[in-house]
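This report refers to the structure that appears directly beneath it.
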Amino acid sequence: MRRTVDLRSDTVTQPTEEMRRAMAAAEVGDDGREGDPTVRRLEEQSAERLGTEAAMLVPSGTMGNLVSLLTHCERGDEVIMEAEAHTFTSEFGGLAALGGLIPRQVPGVRGALRPEDVEAAIRQPLTARPVSRLVCLENTHNHAGGTVIRREQVAAVVAVAHRRGLRVHIDGARIFNAAVALGTPARTLVTGVDSVTFCLSKALSAPVGSVVCGSRDFIARAREFRRMLGGTMRQSGIIAAAGIVALDTMVERLAEDHRRARRAAERLVELPGLRIDLDTVQTNIVNVDVSGLGTTAPEFLARAQSEGVQALPRNMRVVRLVTHRHIGDADVDYVVEAVKRIVA
Ligand code: TLP
């Protein structure tokens with residue numbers, strides 16, 4: 001039977017009933033003045049989970065990353081990041097346009113920066129050179145296909161960066177996917193880093209919100225940049241209430257999304273003309289290269305859409321499939337059958 005399966009992103013997840021109830025009942029205050037008690041609770045809980053001194057709610061992952069970069073850097077500074085980092089490819093160049101920062105793209109291995117490549121990219125402090133100030137990591141790495149960065153890999157980059165006087169920020173939009181996939185607490189994956197942004201509004205199913213975590217001093221300064229960017233909200237406990245439910249109830253179940261992504265990938269890779277690097281299918285994202293079909297990703301997706309399957313192109317050759325809370329086993333079966341018809 002025909003159905004609609006939305007694999008465009010885990011951002012399409014709807015808030016749960018429990019989130020809606022918590023939002024309706026939330027105790028709130030003016031977060032731009034004396035503070036909002038529910039936001040404070042979310043921030044304390046987030047700091048505790050990520051093992052940092054403090055945390056701050058922001059409206060989006062994009063703002064969380066930008067605020068963090070602005071807080072760490074001065075205009076003209078250079079920020080080392082993986083070549084396909086979301087902050088570089090998909091945040092409208094905000095770091096350069098709004099922060100005056102220079103992105104230095106370093107190709108990684110399945111999304112992970114190698115410490116020796118980071119070291120080589122750090123500039124010697126000479127006259128007229130930009131100052132290498134910050135290294136950004138992304139975990140999981142969206143473009144590489146939701147790949148995880150292990151704690152040793154993070155620690156190795158942190159060691160190089162700190163030895164050379166640079167700070168480290170993690171775009172952890174999907175850090176809990178990484179934590180669940182590795183069976184490692186999120187706080188262990190960010191040990192030693194100077195700041196982290198994670199998102200409540202993706203696979204964790206909250207309607208809005210991301211959280212920036214760091215030291216007390218870092219967060220105090222970040223609050224000024226959040227206000228500058230218009231990200232200081234008022235009775236935002238309404239949003240935070242859903243975020244608390246997300247952290248309490250939505251983390252462990254991410255394993256189901258990972259299992260379904262894997263199941264989809266293992267079956268799709270059997271079909272002629274489709275290429276998937278199964279080693280990259282570690283969490284809830286599957287990159288499918290459709291160029292072997294003699295078609296482009298947008299053409300393939302138009303066919304998929306007519307079968308009720310929605311997804312987004314990564315580029316002209318690669319389609320991205322994202323599993324999430326609204327995708328069940330029957331949806332995976334349906335997608336595989338629909339793709340079989342397209343391939344045929
Ligand atoms: N990613 C979104 C879109 O690209 C908008 C998606 O569907 O995957 N870091 C990473 C690694 C992300 O994947 C995203 C969003 C962000 C930051 C930005 O978060 P938002 O959309 O909350 O600004």
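The values are calculated or read from the model by the stated rules, or taken from the named source; none is laboratory data. As the structure is a prediction and not an experimental result, all values here were calculated from the model. Every residue, glycine as well, gets a Cβ built from its backbone with ideal geometry; the counts of neighbours run over all protein chains shown. Note: accessible area is taken over every heavy atom of the protein model, side chains too, but ligands, DNA and RNA are not part of it. Shrake-Rupley method; radii C 1.70, N 1.55, O 1.52, S 1.80 Å.
The portion of the accessible surface of the chain made up by carbon and sulfur, rounded to a whole percent, is 50 (1.4 Å probe; DNA, RNA and ligands excluded). Couplings 3J(HN,Hα) of region 98-105, computed from phi: 9, x, x, 9, 9, x, 10, 8 Hz, in residue order, whole Hz [Karplus 6.51 cos²θ - 1.76 cosθ + 1.60, θ = phi - 60°; x for Gly and Pro]. How far is the Cα center of region 1-54 from the Cα center of region 274-344, in Å? When both Cα centres are located, 29 Å separates them. Simple point charges give the picture: +1 on the Cβ of Lys and Arg, -1 on the Cβ of Asp and Glu, and for the chain a dipole about the Cα centre of about 360 debye.
Helix 297-306: angle to the longest alpha-carbon principal axis of the chain, degrees 0 to 90, nearest 10? Between the helix axis and the principal axis of the chain, the angle is about 60 degrees. Scoring 269-282, 244-257, 66-79 by mean Cβ neighbours within 10 Å over their residues and listing the highest first yields 66-79, 244-257, 269-282.
Our estimate of slack between Thr191 and Glu34, defined as 0.36 nm per intervening residue step minus the Cα-Cα distance, is 53.4 nm. Proximity of backbone amide H atoms, modeled 1.01 Å from N, is registered between Val5 and Val309, Gln310 at under 5 Å, excluding neighbours fewer than 5 places apart on the same chain.
Listed peptides 217-227, 133-143 appear in the order 133-143, 217-227 once ranked by packing, highest mean of other Cβ atoms within 10 Å at the front.
The peptide list 39-49, 188-198, put in order of mean Cβ contacts within 10 Å with the highest first, becomes 188-198, 39-49. Seen against the Cα atoms of the chain and their longest principal axis, helix 61-72 is set at about 30 degrees. In this structure region 17-249 gives 41 Å² per residue of accessible area when probed at 1.4 Å with all protein chains present. Relative to the longest principal axis of the Cα atoms of the chain, helix 237-249 runs at roughly 60 degrees. A full extension of the chain between Gln235 and Arg150 corresponds to an added length of 26.9 nm, given 0.36 nm per residue minus the alpha carbon distance. The distance between label points at Met228 and Arg21 comes to 4.3 nm (points 7 Å beyond Cα on the Cα→Cβ vector). Rounded if a/c is under 1.5, else prolate if a/b beats b/c, else oblate: with a ≥ b ≥ c from the C-alpha gyration tensor eigenvalues square-rooted, which is the chain? Oblate, because a/c is 1.5 or more while a/b does not exceed b/c. Simple spin-label estimate for Asn315 and Arg275 gives 1.2 nm between the two label positions (7 Å along the Cα-to-Cβ direction from each Cα).
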